[in-house]
Amino acid sequence: MTNLEQSPDRGGITGHLLSAADLDAAAATQVLDTAAELAALSDRSVKKLPTLRGRTVVNLFYEDSTRTRISFEAAAKRLSADVINFSVKGSSVSKGESLKDTALTLQAMGADAVVIRHAASGAPHRLARWVDGSVVNAGDGTHEHPTQALLDAYTMRSRLGRLSGLTVAIVGDVLHSRVARSNALLLNTLGADVTLVGPPTLLPVGVDSWPVKTSYDLDAVLPTVDVVMALRVQRERMEDSFFPSAREYARRYGLDAARLRKLPEHAIVMHPGPMNRGMEIAPDVADSPRSTIVEQVANGVSVRMAVLYLLLGGQV
Amino acid sequence: MTTYLIKGASIVGAEPTDLLIRDGVVAAVGRDAAAPGAEVIDADGLIALPGLVDLHTHLREPGREDAETVMSGSRAAALGGYTAVCAMANTDPVADTAGVVEQVWRLGQAAGLVDVRPVGAVTVGLAGERLAELGAMATSAAAVRIFSDDGHCVSDPRLMRRALEYVKAFDGVIAQHAEEPRLTVGAQLHEGELSGRLGLAGWPAVAEEAIIARDALLAGHVGSRLHICHVSTAGSVEIIRGAKRAGIRITAEVTPHHLLLTDARAESYDPVFKVNPPLRTDTDVAALRAGLAEGVIDAVATDHAPHAVEDKECEWQYARPGMLGLETALSIVMSTKSLSWDGIAERMSRVPARIAGLDGHGRDPAPGVPANLTLVDPAATWVVEPAELASLSRNTPYAGMELPGRVMATFLAGRPTVLDGKATK
Amino acid sequence: MAYPSSVEQTDSGGAAGTGRLAAKVVVNGADLARIVDRIAHQILEKTDGARDCVLLGIPTRGVPLARRLAARIEAFEGFLPPAGALDVTLYRDDLRLRGARAVGHTDLPPAGIDGKQVILVDDVLFSGRTVRAALDALKDLGRPRLVQLAVLVDRGHRELPIRADYVGKNIPTSLVENVRVRLTETDGSDEVRLEDQVGGAA
Ligand SMILES: [Zn+2]
């Protein structure tokens, strides 16, 4: 196992966090353990830690995602980092300054870390070539969202006590889901068994080479799982004929009360948010005690604090 | 006009001999070839090839002179051993009228480094809705023979049928960019394991194969010639093989990059590897090499596609597709070791010249043949340095690679366009 | 979880293991037990019978030391003062120099530290930077009535105006030496060794 105290420059999480695949089991566990300690500290009256005083964290958001931005902002501020929010409106078509030019600006500002959310898959990888600071992928296109996977793993571990050997079903629009990609990679690294469930149109070509099982039949999978995670399904997918109608989707893949009853007693229900209530998840399921949706938000701050601390804590 | 005596060249791999070049033609071949006052070129160890012919070049002029001009692209072509290039129609304005194709042709004449043969658009504005004035382009000074909406597929089957039929009147050929657009909406990368993992919308092989199959059947039905641009999949090779067996008049080209690179290059998200059709898999590369050697694929064409820095130094999905190719094509083909010298002459010169209807090109150096030829040092290697390329753009996927073969001299109609490995203008 | 070696965790600094010339046991198991007993007695004397006392060990080896002191106080006085752990990693001022470290566990007694006499416990006192970080951490956790410091070894070379209230053993050292503390709970045996190191960085 990696022992950071003995060799601070070996193992663990270094450089950037672009993909859940950047983390081996030791590094991922270190993030989760660190997050657990930080979560304990956040219960006290003085929430701020001096750890990253004098460091600058830039939130570079090309997509509106208030929840993710606020989560990263809170995490950075609780570690006393200086936070600069840099929101870039508009898309490729109306592109003003290029990502590269923005990167050079951030570089000149001396950003120690850049948290980037971008509609284009791989944008954080490009950015990482242009800045010296650490790049944290806060969601890129239909690629990955590694801190979401970390907070999901954290939530599972704190609810169920372990990750190794857990059976996790991830249900819905896997094709377009960065959450599904990062979760599949990270949970596999941490020893959980992942089953991706959805209509065949929404499972990527080549998914058979992923370290997961797949199924088209949610009802068959439910009795065997410890965790079921519903993915957000965008209604525009209907127009592209990925499935015929919202009603049919909900009937075949929505988590409703009847499906909840098929789960084992201890199993939990997760959703990365924001939810389409009545589509992939029924309101009474979202609000049930088995749902971890509210804790997921709180855990997000602790996990992101851990990531920022481990990336920046030792960086000269 | 200077007379040149090329000494010791091996014509397409044969025993070394001497060539006398005078008044635009090869005047004599043999050890006794000589002329008083001839400038002697020591070609000891060099291979003489018929000047290469590119069926698929994007010169960007008019419209994107920041990325390439007819002049800069011609220089790149000459340095790559080419004596003729077919300039694609997707310029701005589109080459869909006699006026535009003549302009491009005249710019090529003025540059004087390579025969620039404009390709005419099949449909007005490449919009795929109604035929451009194909006959006017054919009878213009540019004498257009190849028509293509390259960059776009002529996807409407009825329109494609009409185009195939119509160009028979002037022995034209439709060069199809085979891509069923409904299957490639937003497509970024070969659809496969990697596109799924990288979260990039997939460009499925079937989108190419379905169009090739359809158009082969259409060409057979109306008895027309069809040319397939940049074949990229193993399945396409099979379909073309079958169509040829069935007697359909179909020809096909493959790019050097599809003969060498695979989609694995996309892992870095560096858009220098973004191209349309996309880089495919090892299986496809192997099938393309075999198809080329066998002759199922008739020609190597570069799909030389210069792009300005800002169109490549960006996010993958916002980047324009395309790669430079003219200056590296011969070396890349040599590096695949799939063709003999005769095979290279066949696939990179003779056959493409035939497809394009260029009588003065694609003929092995022999007495009386127009002196369009290139001299290659097969033993030399070079390292691709983007900034040193003659193209105005830098988007080569081979940066830093050490490649075999170096073009030492190129002659266009008896005049050197490249000497000592350097362009003459 | 595995405990790391004492070298990085304490103030003694320097990487262990390379170019070591000699090691000398300066405190053996019996000595160490006597030292803990003596400090426990001194605490009882100086804190009015350890009433309202909270012993907070600094991870890694300060934590078992704090528990031992509490147990000895119980043996002498018949009541067990609360003992806990105070991790200072997030308050260190040398993170940039030495890399991100795993965050240790902070474990405060249920009654907290407000108004209490807090005794910080660590194995080795060296530059004083760990103790400074501990004081900062403490400030964020509450307001003790007073704070004292107990260390097993004081090896000198202070870089801050910090001194210990209770010192088990003063061991004058050179900067090329390492003080290695071993405890049964973390290392399998009790012992303090002084190690020479070629070119030992401090
Ligand atoms: Zn094309």
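Read-outs: derived from the displayed coordinates by stated rules, not from any lab. Since the model is a prediction, treat every value here as computed from it, not as a measurement. A quick note on method: Cβ atoms are made from the backbone with ideal geometry, for glycine too, and the neighbour counts reach across all protein chains shown.
See the values below:
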| quantity | calculated |
| --- | --- |
| Charge tally in the Cβ shell below 10 Å around B:Thr233, where Lys, Arg are +1 and Asp, Glu are -1, B:Thr233 excluded | -3 |
| Ellipsoid equivalent to segment C:131-202 - semi-axes via the Cα gyration tensor, in Å | 26, 17, 12 |
| Full-stretch length increase - A:Asp82, A:Ala26 - with 0.36 nm per residue and alpha-carbon distance subtracted | 17.2 nm |
| 5 angstrom amide H check on B:Gln176, placed H, neighbours 5+ away | B:His227, B:Ile228, B:Cys229 |
| Eligible lysines near B:Lys425 by straight Cα distance, threshold 27 Å, same-chain separation 8 or greater | B:Lys7 |
| Helix-derived mean residue ellipticity, 222 nm - over chain A, DSSP H n ≥ 4, -39500 (n - 2.57), to 500 | -11500 deg cm²/dmol |
| q = 0.15, 0.16 Å⁻¹, chain C: log10 I(q)/I(0) [Debye, one scatterer per Cα] | -0.89, -1.02 |
| Long-range lysine pairs (8 or more apart or interchain), chain A, Cα under 29 Å | 6 |
| The protein assembly as shown, dipole about Cα centre (Lys/Arg Cβ +1, Asp/Glu Cβ -1), debye to the nearest 20 | 1620 |
| Whichever aspartates and glutamates have a C-alpha closer than 12 Å to that of C:Lys46, once near sequence neighbours (fewer than 8 apart) are set aside | C:Asp165 |
| Modelled FRET efficiency - R0 56 Å, B:Ser268 with C:Arg38, Cβ distances, 0.05 increments | 0.30 |
| Per-residue average of Cβ from other chains inside 10 Å of A:106-114 | 0 |
| DSSP beta bridge pairing in the protein assembly as shown, given as percent antiparallel to the nearest 5 | 35 |
| Sites B:Ala141 and C:Thr184 - FRET efficiency at Förster radius 56 Å, r taken between beta-carbons, to 0.05 | 0.05 |
| Computed [θ] at 222 nm, deg cm²/dmol, chain C (DSSP H ≥ 4; -39,500 (n - 2.57); rounded to nearest 500) | -8500 deg cm²/dmol |
| Antiparallel DSSP beta bridges within chain A, as percent of all bridges there, nearest 5 | 5 |
| Over segment A:146-293: Rg over Rh, Cα atoms, Kirkwood Rh | 0.93 |
| Where N is the number of residues in segment A:7-166, Cα Rg divided by 2.2 N^0.38 Å | 1.07 |
| Derived scalar couplings ³J(HN,Hα) [segment B:15-28; Karplus, 6.51 cos²θ - 1.76 cosθ + 1.60; whole Hz; x for Gly, Pro] | 4, x, 8, 10, 10, 9, 10, 8, 6, x, 10, 6, 7, 7 |
| Semi-axes of the equivalent ellipsoid for segment B:51-356, Cα gyration tensor, largest first, Å | 25, 22, 20 |
| 5 angstrom amide H check on B:Asp115, placed H, neighbours 5+ away | B:Ala84, B:Val85 |
| Share of Cα-Cα pairs in the protein assembly as shown lying beyond 37 Å, as whole percent | 59 |
| Which of B:Thr17, B:Leu55, B:Val369, positive extreme of dipole for chain B (C-beta unit charges) | B:Val369 |
| Nearest-20 debye value, segment C:26-174 charge dipole, Cβ charges on Lys, Arg, Asp, Glu | 320 |
| Rounded, prolate or oblate (a/c below 1.5 giving rounded, otherwise prolate when a/b exceeds b/c) for segment B:1-133 by Cα gyration tensor | prolate |
| Largest to smallest principal axis extent of the C-alpha atoms in segment B:15-65, angstrom | 50, 25, 16 |
| Backbone HN-Hα couplings from phi across segment A:249-264 [Karplus 6.51/-1.76/1.60, Hz, Gly and Pro as x] | 4, 4, 5, 8, 10, x, 8, 10, 4, 5, 5, 4, 5, 7, 6, x |
| Computed lengthening from B:Arg31 to B:Glu238, 0.36 nm per intervening residue step minus Cα-Cα distance | 70.0 nm |
| Cα-based equivalent ellipsoid of segment B:192-298: semi-axis lengths in Å, sorted from largest, via gyration tensor | 27, 14, 10 |
| Angle between chain A longest axis and helix A:178-189 axis [Cα atoms, degrees, rounded to 10] | 90 |
| Nonlocal amide H pairs with A:Ala192, under 5 Å, H built at 1.01 Å | A:Gly165 |
| Sparse-neighbourhood loop sites, GluC sites (Glu not before Pro) in segment B:85-174 - DSSP loop, at most 16 other Cβ within 10 angstrom | B:Glu129, B:Glu133 |
| Cα coordinate range in chain A, projected on the principal axes (Å, largest first) | 53, 46, 38 |
| Calculated from backbone phi, Karplus (6.51, -1.76, 1.60) coupling profile of segment A:284-293 in Hz, x at Gly/Pro | 5, 6, 4, 9, 6, x, 6, 7, 10, 4 |
| Exposed trypsin sites (Lys or Arg not before Pro) absent - longest run of chain A, DSSP non-H/G/I/E/B, at most 13 other C-beta within 10 Å | A:236-316 |
| Considering only chain C, percent of DSSP beta bridges that pair antiparallel, nearest 5 | 40 |
| Whole-Å distance, taken between Cα centres, linking segment A:172-245 and segment C:125-193 | 53 |
| Value of Rg to Rh for segment C:83-150 (Rh from inverse mean 1/r over Cα pairs, i.e. Kirkwood) | 0.96 |
| Cut-off 12 Å, label 7 Å out along Cα→Cβ of B:Asp282, residues of segment B:385-425 by amide N | none |
| Mean ellipticity per residue at 222 nm, deg cm²/dmol - from DSSP H runs of n ≥ 4 across chain B, formula -39500 (n - 2.57) | -7500 deg cm²/dmol |
| At most 15 other Cβ within 10 Å, DSSP loop - trypsin sites (Lys or Arg not before Pro), segment C:144-202 | C:Arg145, C:Arg163 |
